[in-house]
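Visitor: Below is one structure. I have some questions about it.
The values are calculated or read from the model by the stated rules, or taken from the named source; none is laboratory data. Just so it is clear, the model here is predicted, and its values are computed rather than measured. Glycine gets a Cβ as well: all are built from the backbone with ideal geometry, and neighbour counts include every protein chain shown. All accessible areas refer to the heavy atoms of the entire protein, side chains included, with ligands and DNA or RNA removed. Shrake-Rupley method; radii C 1.70, N 1.55, O 1.52, S 1.80 Å.
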Amino acid sequence: MKKLIIISIVVTIVTITFFVIINPFFKLELINKKNITINYGDKYKEYGVKANSLLFNLNKKVKVTGKVNVKRIGKYIIEYKVKYLFKTKKLYRTITIVDKENPVITLNGDINIELFVGDNYEELGYNASDNYDKDLTDKVVVDSNLDTTKVGDYTIKYSVKDSSSNYTEVVRNVKVKEKTIEVKNVSTDYTDIVSSDTPTYINGILIVNKKYSLPSNYNPGVDNEAANALSNLQSAAAQAGYSMPLLSGFRSYETQKVLYNSYVAVDGVEVADTYSARPGHSEHQTGLAFDVGELDYGYGDTAAGAWLREHAHEYGFIIRYLKGKENITGYNYEPWHIRYVGANVATEIYNRGITLEEYLGI
Ligand SMILES: [Zn+2]
């Protein structure tokens, strides 16, 4: 009997020790993974833990500490703690907020640019933004091999890294072209110049080209009739929806001399002669010629340039240097250069598709 009591006491102690101290049925487990990575901008979900003893669900006793700030890149630790009887269990989970999105670079202006040799390239600008770092424009690195003194294909590379080292790169292509690229058979021959001490009129029309020059003291200023005609032309263009700014009008002998010499300094005589007149040979010295619209060889392909080509004669103007007539006019096609000859002559020249030289039979 005494023996039985002792056995009972031992069994009770072992049982109590087993359940209270060792407590094999007391469990704490993470739901989902121990390490979770979340992309910046996504939501954080608390998966929680499972806590059980043999008889009880202990979920409600779990204490969760630690906060995740999804708006800030970094590591966050969440602690799960539960106490049961004499025992405490703890688990940890690591939440990492990462930014994997590349910054975005936006280029102002065209991604493909064409320049002429000797032109200046002015940076058209750019913007960089990032989902996390926001404005990164100041961090953009511009790397360029552009050399506008030589014909070639160049690139301007814009790159930027965000604070998570996500990298973005965009490229602008720059083609540097020969200034005379569109010139065909342009006569640069000044050898049979008809030099005169007075301006040359043929059939009452003042002619100035590479053969016929104006005296250096011929300095009439802008012709009134031509100026009025120009203003009518500009109004009509505006009504049709095109702005046709005056870029250059009367130029004196002296002004042309300065201009021509500056071109010679950059391109040499041979090239300068294809697009610029020598002093005394510029139509701008007549006061009857104007450059309007845009000084761009592509202007003739624009809607405004086409309007000018189709309507200039109605106001007494001709496109003086035509495409395909370079060997007659001696100049590259200039879709912007108009010459006043009066509406009747201009209309005939326009209808026949000829140059002033052909009209005058010279
Ligand atoms: Zn001109």
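Visitor: May I ask you to say which residue of ILE354, ILE362, ILE338, ILE349 is within 16 Å of the ligand (Cβ to nearest atom) and among the β-branched types (Val, Ile, Thr)?
Guide: Checking each option against the conditions leaves just ILE338.
Visitor: With farther than 30 Å from LYS139 by Cβ, of a type in the set (A, V, I, L, M, F, W, C) and in contact (Cβ under 8 Å) with a residue 40 or more places away in the chain as the only criterion, which of PHE18, PHE26, PHE56 stands out?
Guide: None of the others qualify; the one that does is PHE26.
Visitor: Has segment 54-64 got at least one residue that is surrounded by 11 or more Cβ atoms within 10 Å (Cβ to Cβ) and under 53 Å from the mean Cα position of the chain (by Cα)?
Guide: Within segment 54-64, one or more residues are surrounded by 11 or more Cβ atoms within 10 Å (Cβ to Cβ) and under 53 Å from the mean Cα position of the chain (by Cα).
Visitor: Among what's in segment 65-89 and is open to solvent by 100 Å² or more (accessible area, probe 1.4 Å) and modelled with pLDDT of 95 or more, pick the residue that is farthest from LYS34 (Cα to Cα).
Guide: Applying the filter and picking the extreme gives LYS75.
Visitor: Going through segment 295-308 one residue at a time, which ones are more than 12 Å from the ligand (Cβ to nearest atom) and open to solvent by 10 Å² or more (accessible area, probe 1.4 Å)?
Guide: Passing the criteria: ASP296, TYR297, GLY298, ASP301, THR302, ALA303, ALA304, ALA306, TRP307.
Visitor: Now a separate question. Please pick out the residue among TYR263, TYR333, TYR340 that is hydroxyl-bearing (Ser, Thr, Tyr) and open to solvent by 60 Å² or more (accessible area, probe 1.4 Å).
Guide: Step by step, each of TYR263, TYR333, TYR340 is checked, and only TYR263 is hydroxyl-bearing (Ser, Thr, Tyr) and open to solvent by 60 Å² or more (accessible area, probe 1.4 Å).
Visitor: For segment 257-362, give me every one of the helices (runs of 4 or more DSSP H) that falls completely inside it and has 1 or more residues that are within 20 Å of ASN209 (Cα to Cα) and modelled with pLDDT of 90 or more.
Guide: By residue number, 326-329, 343-352, 356-360.
Visitor: Please verify whether VAL271 is within 32 Å of the chain's Cα centre (by Cα) and crowded, with 19+ Cβ neighbours inside 10 Å, treating the condition exactly as stated.
Guide: Answer is yes for this residue.
Every residue, every condition in (1) part of a loop (DSSP other than H, G, I, E, B); (2) at pLDDT 95 or above; (3) under 26 Å from LYS323 (Cβ atoms), yes or no:
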| site | (1), (2), (3) |
| --- | --- |
| ASP138 | no, yes, no |
| THR149 | yes, no, no |
| TYR154 | no, yes, no |
| LYS157 | no, yes, no |
| VAL160 | no, yes, no |
| THR168 | no, yes, no |
| ARG172 | no, yes, no |
| VAL176 | no, no, yes |
| GLU182 | yes, no, yes |
